[in-house]
Every structure is written in C-alpha cells, then in structure tokens.
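Peer 1: Just dropping this structure here.
The values are calculated or read from the model by the stated rules, or taken from the named source; none is laboratory data. Note that the structure is a prediction, hence the values are computed from the model and not measured. Because the Cβ atoms are built from the backbone with ideal geometry, glycine has one as well, and the counts that use them run over all protein chains shown. Accessible surface areas use protein heavy atoms only, side chains included; no ligands, DNA or RNA. Shrake-Rupley method; radii C 1.70, N 1.55, O 1.52, S 1.80 Å.
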Protein chains: 2
Amino acid sequence: MKRYFLSLLLLPLSLFAAQPAQPNIILFLVDDMGLMDTSAPMLADDSGNIVSQPLNAWYRTPNMERLAKKGIRFSQFYAHTVCSPTRASIMTGQNSARHRTTQFISPRGKNTGDHGPEDWNWAGLTSDDVTLPGLLRDFGYRTIHVGKAHFAPPDHVGEDPSNLGFDVNVGGASMGQPGSYWGQDGYGNLNPKRATWAVPGMEKYYGTDTFLTEALTIEAKAEIDRSLEIDAPFYLYMSHYSVHSPFQSDPRFEDNYAGSDKDERSRAYATLIEGMDKSLGDLMDHLEARGIAENTLIIFMGDNGSDAPFGGADNIASSAPFRGKKASRWEGGIRVPFIAAWGDPQSGHPVQQQLLIKVGGVQSQLGICYDVFPTLLAVATAKPPMDHVVDGQNLKPLLQGDRDPERKEVFLSHFPHEHRNNYFTSYRAGNWKLIYHYLPESGRDADRYELYNLRKDPSESDNQAAVQPERLARMTRVMTRQLDAMEALYPVVDGVEQRPVVPSS
Amino acid sequence: MKRYFLSLLLLPLSLFAAQPAQPNIILFLVDDMGLMDTSAPMLADDSGNIVSQPLNAWYRTPNMERLAKKGIRFSQFYAHTVCSPTRASIMTGQNSARHRTTQFISPRGKNTGDHGPEDWNWAGLTSDDVTLPGLLRDFGYRTIHVGKAHFAPPDHVGEDPSNLGFDVNVGGASMGQPGSYWGQDGYGNLNPKRATWAVPGMEKYYGTDTFLTEALTIEAKAEIDRSLEIDAPFYLYMSHYSVHSPFQSDPRFEDNYAGSDKDERSRAYATLIEGMDKSLGDLMDHLEARGIAENTLIIFMGDNGSDAPFGGADNIASSAPFRGKKASRWEGGIRVPFIAAWGDPQSGHPVQQQLLIKVGGVQSQLGICYDVFPTLLAVATAKPPMDHVVDGQNLKPLLQGDRDPERKEVFLSHFPHEHRNNYFTSYRAGNWKLIYHYLPESGRDADRYELYNLRKDPSESDNQAAVQPERLARMTRVMTRQLDAMEALYPVVDGVEQRPVVPSS
C-alpha cells in the first residue's frame, strides 16, 4: 500500500522531469545504392577491422567517411531486393511478406506478372496505415518528406506523402525515379522526353543548373530551419532520388572521374554518388551551423542492392565480392550500406544518453531495414498501437557496439514475382542461406533449392543443397513456417498457390 | 502485233482452263510445343538421316510419325520466342521486328516492362490489317478458326478472330491459355478458380468428360463438313490450346506414363502431347473418310520453344541437346517442329502438281514461321496487296526436298522486352549465331555479345565473341542494318533508344 502511494506520487515527476528530450532525426535514404558504392568500406574481418574492396577506391564519399567516424557502420545490413518493399518496411516496421508490398509499385498497372499473387499489395500504403512519420507526428515531431516517395501508384491516396503522416512534402509522388536530375530539364517538367516521371514542384530551380540532389538538399535545410523556428523536434526523411537511373552525369564532379578507363555510364554513376555524398555533408554542416548537431541522430542507409550500370544480375560485379545486384536473390541484391551517428558525438548532450552510439565502431551482427522503425520510435519515446505487429527489433544494443544475444540472426527476403530473378524466397539463418525457387522450370534456374555457407562462400558459388539434405529440409521447413506466420502470399500457377515444398532428407 | 492479238485470245483460256483447283489447307498449330516433344524425331545428320534424341523415346505421337511419312519434316525450323509474335507473323508474313508485336499480348496491360519500347504493338491485330485468312477468304476460301486466338487484348476488335478474316470462330478469344482443359470445369466457365481464362462457347461439352483438345477436334471436323456442303475450299487454322499450361492430366492417356519415374507435371504434359497427337490423327482420318485427303494440305508446326515443366530457361533440358526453352534466347526457345504433307500423297490428285511435297523427306535448310504466309497464299493462288511487305519466302523448293540456292540463310529474333531472358536480339546467319544484349547490366548476363558456331556447338556453350572480333563486328553491323530496315523498336533507357553498339574489331 505504501509502495502504491509512492508510485502514484512519483508518476507526474517521471513524466515531466525524467522524460528525456526528443532528438531530431534524419533518415538519409539513398535509392539503389549498393554497399560497395562508397569510399567508406562497409566490410570488416573477424577481428572487426575494416576491409577495403576494389570498388571503394573508385568512388568518392568523404562525408560518409566523416559520418562513419562519428558513429558506427554495419557490415551486414539487409534490405529487400527492390525499393517499394523496403520503403514500406521502413514505414511500417514489417517484413514485406507481412505488409505484402513485395514487388516495386508500378505506374503501369498491377505488376503482378505471369504467376505473382493477385492480392499482393500493389496499391501500397494508404492513409489508414500505421506509419513511422504518423506516429512521430503524434508524439510531437514535425515530419518532413524530401525526395522520392513511391509509396503508392498514381491516383491513389498514398501517392502524396502528406496523406501518410508527413507534415511537409518536397518533391515526392508516386514515381520511383526522377524524369531528370537536370534543372535545365525542370527535373522532367521542361523536357517532353523526360516528362513521364517529372518531379513535382520546385519550380524555382527550373532552367537553372541546380542538380536535383542539390535542390532537394537546399529545400531540406530550409525545412530544418522552419522546424527550429517553431521549436519542434523534426524527423527528416531525406529520401534522395539519386542514385537511381537515369544515369545523368553531375557536371560538378565530372573532372574527378575524367581520366578513368571506365565507360561513360559508370563515370556518370560515380558523379551521382559523389553528389549524394555532398548532400550528406551539407546537411551535417547545416546541423553544426545551427548548433543542433549534438541532438540530431543521423541514419544513413540504402534501400536495396546496387544498380550501378555494369555487371549483370547474376555476376560478381557491382557489389563485388558479392554476387548480383538490385532485384537479384544474391547478397549483392539485399546488402546495403548502413551508418548511424549523432551529429556531434563529443558534445555529451543529455539526449544522447538514451542511445550511446559507439564512435568509430563496426557492427557485424545482422541489421535489417525494418529495424529502423522500432529503433527510431524508441529514441523518440514514441510507441506504435498495441495491435500493430512489428517484425523489426530495436537496434539499440547493436548501435552501442554490443552483440545482442537475444537478437534473431535471420532475414527472410520474399519475392513471389518476376524481375531480374523469378519467384524466390531467400532465407538467411546464421551463416547459412537458403534460396528457394517456386517455379524452377519457369525461370532461368533448373534447381528448386540453393544452399550456401556465406561464411566460407560469400560469393554464393558453391551450392550445398545436394550434400546437406538435412540442413536443407530443416531450413525449408522453418522458412515456410515463418512465411505462413506472416501470412505471406505465394506464386500462383493455374489458380493453385505454390507453397514451398520441403525436400525429403 | 500478231503476238499481241494471240495473247489476248489466250488470256481467258488461261484463266479458266489452266487455273488449277484450290486445295483445302489445315494449319495445325500447337502451343508451346518444342521440337523434342514428340516421338517423331526432327533432327537429321549431315547425310539427311533422322537422328533420335532421348526425349523422343518418352513422348508418344504416332500420328505425327504417320504425317511425317506422308511428307517432309524440317530439321531447322524457327519461330519467335513467345506465342503472340509468331501468331502475328503467320497472319501477316512479317518478322515481329516489323509488325512490332514483339512480346506476348497480356490481358493485364501493355506488358512493356521497365525498358521495353512504349510503341510496341501490344494491341495486336486489328480489322484493318492484311491477314492470311482475310486474303484466302478474298480468294474463295471458307476460313475456320478453331482454338487459341490471342491476337489482341480484351476489349480490342482483334480479340475476335471473326474480325480478322475468319468466317467461323470456335473457342478463340484474347487469352493465350485455357482456364481449364477439363469439360467438368466447363473449360474454366464452371470453376471460379479457373474462370480468368475460361474458353468461350462450346457449352454443350460443359460437365462432360470431354477434354478440351477433343472438343475442339470434334468441332473442327463438323466445320470441315460444313465447308464440303457448300463446296468451298477451306482453310482450317487448327490452333490447339494444348500443350500450354495448365498442365492438367488427360485421363485418356495417363496409363501410358504411369510407370515412369518422372514427376507428376511431366507426366501430365506427356498426356497433353498425346491428346494433341490424337487430334491430328482424328483429322487425318476424317479427311480420308470424306475423300478429301488427296486435295488437302496439312502443315504441322509449333509456335515457340518447348515449355515442358522441367529444366530452366538457360539449361539443356526440355529441348536437349539444345539449350533453353520458350522465351529464352537459346535454340531451345526458337526451334519448333515442322511437318508438311498432302493428306494422301499417293493419289496423284492434280492439285498436288502445284506443290510436289517430298514423301518421307527431311529438309535441313532453314524455314521460318512467317514463310507459311507466302507458301499458303501461293498454293491457294492468292496474292497479298502490292503494298504489303512480306518477309517470308515461299517454302515450295524446300517442301519439294530441294535446296533453294536463292534462299537467305538468316533468322533474326528480336526481343526488346523482359521475360525469361531480357532485352536481346539473336541473329542467325549460316552456321553462326550472334546474341546481342541491349542492357547487359540490367539482366543476368554481364556480356553484351555472345557468338556461337551452331554447327560445332549446338548447345551454345562456347562463346566465341572474344576470339572472333571481326566476325562479331560484321554480324552486329548486318543485324543492326536489318533491324533498321524493318524499322524495329529498341529498348529505351531514360527516354533514350538503345540501338545496337557495333564493337570495334
């Protein structure tokens, strides 16, 4: 009884005094950027030492290096194979098998393909959905959308981020790529050949030589300033169109790649990367100039594997030493760069006590795109509704540089569709990765099962399915159970759902 | 002057006396049947001896064997990689690069894909187009469509074959596959799960155990009889839905495959093949019973490579020893069975004088699906309008068993789309085959060029592109010239047409 009164007396105190301030948050999301498309190496050896790869010497991203020094980089961070699934996962905290936007949203129709499930969530998010910005807004944030949205098709309510929990929308609409990066083209609005995906708004830059990445950065800085004026913590979803195609060269950086023997498109791609990196640096500078670097959390990540214009979807090329690229089943299709840091980690601002990010750290435990949802809600002291299922786990221990013993070491990437690879689920558990093909005879692969030991065979070249029958059967069984638990949709042949077939072991 | 009068006098005589009678024609077209899906071997060695392959021992097609004995089989007959292009080529006599239905027509939209040309002919044929049945009808034929049409999408005029030159339509509509082969399902009309592609009409068979292939055959025989009643030569386009998926077992033939260790779908596929073959035999029997075998020409052919339910699109499997299957760039994707014969070649009917088909022959010179158009027009003494461009060549010399020295030994298969293989043109010239990839970095193949010597390397395993630079450059140049001459459409990236790049040699 005494304890009861005491706790009642303490309650208001804890709400007003012990309640920590809310940090500003920038989620800096880059489109189609693979984990090797940077001069800040993302891989580490077993001792946690950073390991450079050849492509790290080609790209120039000094501001990613600067950010990584302030905080922690992840050497094994996963996203879905294409953009819409990852973006919906960030918004909802759910695996795409659960939210069912398993394929990219197309302006041209349902994009179901020959054997895709008819009921996949091709219409994307609606104003009825629980979303990360909606929750942050409920808990006091000013929520700012800048750049690519691609949450729903044209003429659907979700095409406008303002209907999905964002207070402000700059340049976001249904499309997944810009008509043009060039101000001279009005970002597509002034050039009929590039009008299909013309970026909305930002008329003041039309006809100027302001590259789209730069224009979005200028607007983002202005929105930060507006948030400061009204004294609200902000959530800035800085979602760059770069480095998605069209691979238009950014003249500001061309000289840096002029002497190379790489082809024109690869050089143009490198300028897109460097322009994106400049945006990151400009935002960091702006936080410092405004004195809010100390209480602003920055998360940098990619949305799917690299789509750099060289190498095929099954080759060891644009994500070397990993195989594949965006939309493939290989590691190169789903591994993305990830860095988290406080803008000024040395300041010791009280808000940082909630999340002590390891400075200069490298984390090798698995992180996943939908972990961002519970992580950011926690740091913002916000909560999802009780009935909203969250697949993600709070990254807090990992960001502190610790190993989280309670964390499940699994990632399930479900793609019951056609694109560069057809109708598969990949399931990583520990060091092993199973790739299950629903329609082997309809695709390019005759085998139903692939099984790789990623530790010994990171380039996925040595299929162990035939020599590890028990492991294969067990992993297929667990994969199926997890898919069913999420009520995943499967490919359909002649009206018949193609559930995974567990092999006899 | 004297000669002038003489020729004037002779003119009416030549029109009425020398004008030969018109034969009946059956074009027996099988959907998705590869050149190995038969017990009648299609390959021959250099001496013209028939060579069996392992798969020939698995399938049972006694009526194809019977037909081949009456006439000639082709060991190198080509079609396009998917069905709509081939069907439009048969109707128009044109390469798909010219008629621009380069991809299969989809009920779900334009099916353009990420980088397909927006202006490809996704709407298919219209009533304004010159078509083979339309011309034959103009020249006195009764034209009968039975089975799969798939000439245009739903709600387009061309979805009904009656609008494309056919007097009669049995079972044809916009869709490329049947909802069901089972009468119990009403061919899809009685089963909601199979209703999407329900076959129109034929209500009298609903609820019976009449397999679709059988029902179409019964109807085709009745249409032959109706033509005889009105004493008109007929053109029967006997276009079976079989052996396209769904791979439903035909109970009439199940016992023939019951002892096999092949899987259920492969066994079901074999029953579809045998049911299709029974239809061929039933029609041949019917011609004999009606006494018209002697003046009826039968052409048997497939519309694209095999889609048998085993092996992937890049494997040596369902068209072994050739690589690949339907929709792939390999020989297995474009080589199809072809047999031509008079129903009764021994009768010496005068109409056969126009086209003396070699009995029991094997032709190893290249034939192509669009050659059927000029060949059938010629034998029907019909002509296309002067302004209609025809890419096909009359097969007459080849059907006689001769080598045609004037025939071009080339075939160009243009696929600026995505399916099982992405964005390619393959170009066969003599023994060599070039495969050009428009977007190597967007697909599964990192190389832009593949070059094979089909004579030495029929399974396309040894890419000679790097060691034959001059041949590669020359073939790429000629391929591009031919594509441009047909005003082919190319893939598009960011509004920019991707014309072939000729390598430096």
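Peer 1: About the Cα centre of the range B:423-497, what is the dipole size in debye to 20, counting +1 per Lys and Arg Cβ and -1 per Asp and Glu Cβ, all else neutral?
Peer 2: Computed charge dipole of the range B:423-497: roughly 420 debye.
Peer 1: Please tell me the relative contact order of the range A:423-497 in percent, rounded to the nearest whole number, where contacts are Cα pairs under 8 Å and at least six residues apart. Walk me through the numbers on the way to the answer.
Peer 2: Details: 76 pairs, mean separation 16.7, N = 75.
Computed value for the range A:423-497: 22 percent relative contact order.
Peer 1: Hey, another quick one. Label points 7 Å out from Cα along the Cβ direction at B:Ser505 and B:Tyr206: separation in nm?
Peer 2: 6.2 nm
Peer 1: From largest accessible area down, sort A:Lys148, B:Lys221; use a 1.4 Å probe on the protein chains.
Peer 2: Details: A:Lys148 0, B:Lys221 55 Å².
So the residues, ranked largest to smallest area, are B:Lys221, A:Lys148.
Peer 1: Separate question: Distances from B:Ser504 to the same residue in each other copy, label points 7 Å out along Cα→Cβ, in nm, shortest first?
Peer 2: Its label point is 6.0 nm from the equivalent points in the other copies.
Peer 1: Additional query: Taking every pair of alpha-carbon atoms in the range A:27-129, what share in percent sits in each 10 Å bin, from 0 to the bin with the longest distance?
Peer 2: Per 10 Å bin, starting at zero, the Cα-Cα P(r) for the range A:27-129 comes out as 13, 35, 25, 20, 6 percent.
Peer 1: Here's another thing I want to ask about it. Principal axes first, then extents: for the Cα atoms of the range B:333-437, list largest minus smallest coordinate on each axis, whole Å, largest first.
Peer 2: Cα extents, longest axis first: 50, 34, 27 Å.
Peer 1: Could you tell me the relative contact order of the range A:71-186? Use alpha-carbon pairs under 8 Å, at least six residues apart, and round to a whole percent. Could you put the intermediate results ahead of the total?
Peer 2: Working: 187 pairs, mean separation 23.9, N = 116.
Relative CO of the range A:71-186 lands at 21 percent.
Peer 1: Continuing with this model, one more query. Using only C-alpha atoms and all pairs of different ones, pull out the Kirkwood radius for chain A in Å with one decimal.
Peer 2: On the way: mean 1/r = 0.0431 Å⁻¹.
Result for chain A, one decimal place: 23.2 Å.
Peer 1: OK, next. Using only the C-alpha atoms of the range A:360-505, find the volume of their convex hull and express it per residue in Å³. Walk me through the intermediate numbers first.
Peer 2: On the way: hull volume 22.8 nm³, N = 146.
About 156 Å³ per residue, rounded to a whole number.
Peer 1: Let me ask something else about it. List the residues of the range A:96-118 whose accessible area drops by at least 50 Å² when all protein chains are present, compared with their chain alone, using a 1.4 Å probe and counting only protein heavy atoms.
Peer 2: Listed by number, the residues meeting the 50 Å² cut-off are A:Arg108, A:Asp114.
Peer 1: Can you give the Kirkwood hydrodynamic radius for the protein assembly as shown, in Å, rounded to one decimal and based on Cα pairs?
Peer 2: Evaluated on the protein assembly as shown, it is 30.9 Å.
Peer 1: Keeping all protein chains in the complex and leaving out DNA, RNA and ligands, what accessible area do you get for A:Thr131 with a 1.4 Å probe, in Å² to the nearest 10?
Peer 2: For A:Thr131, the solvent-accessible surface is approximately 10 Å².
Peer 1: To the nearest 10 square angstrom, how much accessible area does B:Ile230 have with a 1.4 angstrom probe?
Peer 2: My reading of the accessible area for B:Ile230 is about 110 Å².
Peer 1: Which residue in chain A puts its Cβ closest to the axis that rotates chain A onto chain B, and at what distance in whole Å?
Peer 2: Spelled out as residue then distance in Å, it is A:Gly109, 2.
Peer 1: In nm, one decimal, shortest first: how far is the label point of B:Pro192 (7 Å from Cα along Cα to beta carbon) from the matching points in the other copies?
Peer 2: 4.9
Peer 1: How much solvent-accessible surface does A:Val478 expose, in Å² to the nearest 10, with a 1.4 Å probe and all protein chains in place?
Peer 2: Surface open to solvent at A:Val478 totals about 40 Å².
Peer 1: Net charge within 11 Å of A:Asp167 by Cβ-Cβ distance, Lys/Arg positive one each and Asp/Glu negative one each, not counting A:Asp167 itself?
Peer 2: Numbers: positive: A:Arg137, A:Arg142, A:Arg226; negative: A:Glu223.
Net charge in that neighbourhood comes out at +2.
Peer 1: Percent of Cα-Cα pairs more than 25 Å apart in the range B:127-269, please.
Peer 2: 34 percent
Peer 1: Using the crude model of +1 on Lys and Arg Cβ and -1 on Asp and Glu Cβ, and no other charge, please compute the dipole size for the protein assembly as shown relative to its Cα centre, in debye to 20.
Peer 2: So the magnitude is around 1120 debye.
Peer 1: Ratio of alpha-carbon Rg to the 2.2 N^0.38 Å globular estimate for the range B:22-83, to two decimals, please.
Peer 2: Against the compact-globule rule of thumb, the ratio is 1.21.
Peer 1: Under a crude label model (7 Å from the Cα following the beta-carbon direction), how far is B:Ile218 from B:Ala123 in nanometres?
Peer 2: 3.9 nm
Peer 1: Of the options A:Phe247, A:Asn421, A:Gly343, report the single residue whose Cα projects farthest towards the positive end of the charge dipole of chain A (beta-carbon charges: Lys, Arg +1; Asp, Glu -1).
Peer 2: A:Gly343
Peer 1: As I understand it, the dipole of the range A:191-314 uses +1 on the Cβ of Lys and Arg and -1 on the Cβ of Asp and Glu, about the Cα centre. Which of A:Thr296, A:Asn256, A:Tyr205 lies farthest toward its positive end?
Peer 2: Value: A:Tyr205.
Peer 1: How would the range A:242-368 be classified by its alpha-carbon gyration tensor: rounded, prolate or oblate, with rounded meaning a/c under 1.5 and the a/b versus b/c comparison settling the rest?
Peer 2: It is oblate, given that a/c is not under 1.5 and a/b is not larger than b/c.
Peer 1: For the range A:423-497, just the Cα atoms, rotate onto the principal axes and tell me the three extents in Å, largest first.
Peer 2: Rounded to whole Å, the extents work out to 40, 28, 20 Å.
Peer 1: May I ask which residue of B:Val390, B:Gly361, B:Leu377 lies farthest towards the positive end of the charge dipole of the range B:348-412, with charges of +1 (Lys, Arg) and -1 (Asp, Glu) on Cβ and the Cα centre as origin?
Peer 2: Looking along the dipole axis, the top candidate is B:Gly361.
Peer 1: Let me ask something else about it. Can you tell me the Rg and the Dmax, both Å, for the Cα atoms in the range B:116-176?
Peer 2: Calculated on Cα positions, Rg and Dmax stand at 11.9, 40 Å.
Peer 1: Here's another thing I want to ask about it. Holding the Cα-Cα limit at 28 Å, pick out from B:Lys110/B:Lys221; A:Lys326/B:Lys326; B:Lys221/B:Lys326; A:Lys110/B:Lys326 the pairs that are longer than that.
Peer 2: B:Lys110/B:Lys221; B:Lys221/B:Lys326
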